[in-house]
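Notes follow once the structure below has been shown.
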Amino acid sequence: MKKYIVFALVLGLLVFGVSQASALVSSTSVVTKGTTGAEVTTIQSALNNQGYSLVADGNFGAKTETAVMAFQASKGLPVTGIVDSATKSSILSATTASPVSASATSVTAVNPNLPCALTAPVSIKVISPNGGQTYTAGQQVTVKWSSCNIPTTANLQFSLFMYYPANNPTATGFPLTLSTLNDGQETFNLPLAGNVVYGWSTMQYGNFFKIYVGYPTAGVGDVSDNMFTIITPPPPTSATTSTTIAKGATGSAVTAIQSALNSQGYALTVDSSYGTKTETAVKTYQAIKGLPVTGIVDSATKASILA
C-alpha cells in the first residue's frame, strides 16, 4: 500500500512540475496563429476591450491574427501577426484605448491587405461619377471609388452600366467593361455610338448611365447612386465647315492647303488630315511671311498660302 502512495505522490509531483513548466513557457513564449489556450483568450478579450470584434474562444485563428496585425500597425510595432513580449505587453496595458472607428484608414495605409476597419465588411463604394453629371461621348472620365478589406493588388471589374428606360425600365447593357486593379481610380474614354453592347445593338446617348465597380472574388460591388448623362459629341471640325482650319480638321480644304504648301517646298503627305506635320509647316510658313505664328489657317494665312 505504501508503495502505491509513494508512486502517486511522485506522479503528482511530476504532473505538477510539467504544468508549471508549461505555464512558464506559455508566459514567456510567443503566441501565434494555431496557438490555443487561456493565454489566447486573454489576448482576444483585451483586444475586444479596445473595439475589436473577436470570439474569445482561445483559438488563435485568422481573425485573431488580423486583429493583432491591426493593433501592431496602430501602435507602431512590427506588423507580424505574432504576439511577442512587446506586443503582449502593449495589448494588455492598453485595454482602455478608444475603439477602432468604422472609418479608420490607418490600418489600410500600413498594409493594404488589412481591413480599413476591423468591424467593416468587404465592400466597395463608387465615389464619382455618382449621378447628375453630363459628359460628352468620347470624353475622358476618371472614376473613383473606395474599398474596405480588399487588397490594392486585387483585380476588380469596372463597367459603364447603361439602362434602357425607353425600351425596358429593367433592361441594361454594358458599353464598356474592363479589368482594373484596386488603386481607387480608373481613367477611360466614354464610348461612342455604334460600339457593341452586350445584349443590345449599339451604344446610345441620354440620362441613363451609372458606373459599376465590383470585386468578383468576394461577390461585392457598387453602382453610382444616380444616373448621369452622356450626350452626342459635336461634329468634328473640318475645313469645309469652318472659316479657320486647325489641327484635327479633315477634308478637301486641308488637301488644298497641303498641296499648296508642297508646291512651295514643304514635304507633306497630302492625306486631307490636319496633323502635327501640317501644323508645323503652317507655323513655319507664317513665320516666314510675317504672319502671326499660330499654326491655324485663318483667312489671312489661307489667302497667302493659296495666292
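Data table
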read-out: Selection count, segment 180-211, where residues are among the hydroxyl-bearing types (Ser, Thr, Tyr), open to solvent by 60 Å² or more (accessible area, probe 1.4 Å) and modelled with pLDDT of 80 or more; value: 1
read-out: Considering residues of segment 251-291 that are assigned to a loop (DSSP other than H, G, I, E, B) and over 46 Å from the mean Cα position of the chain (by Cα) only, the residue surrounded by the most Cβ atoms within 10 Å (Cβ to Cβ); value: TYR266
read-out: Selection within segment 292-307 - among the hydrophobic types (A, V, I, L, M, F, W, C), part of a loop (DSSP other than H, G, I, E, B) and out of contact with any Lys or Arg (no Cβ under 9 Å at 6 or more places or on another chain); value: ALA307
read-out: Filter pass, ALA303 being more than 30 Å from CYS148 (Cα to Cα), in contact with a Phe, Trp or Tyr (Cβ under 7 Å, 6 or more places away or on another chain) and at pLDDT 85 or above; value: no
read-out: The lone exception for CYS116 - which of (1) assigned to a helix (DSSP H, G or I); (2) in contact with a helix residue (DSSP H, G or I) (Cβ under 8 Å, 6 or more places away or on another chain); (3) modelled with pLDDT under 85; (4) of a type outside the set (A, V, I, L, M) it fails; value: (1)
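The values are calculated or read from the model by the stated rules, or taken from the named source; none is laboratory data. Predicted model only: the values in this text are computed from it and were never measured. Ideal geometry is used to build each Cβ from the backbone, glycine not excepted, and the neighbour counts take in all protein chains shown. In case anyone asks, the SASA skips ligands and DNA or RNA and just uses the protein heavy atoms, side chains included. Shrake-Rupley method; radii C 1.70, N 1.55, O 1.52, S 1.80 Å.
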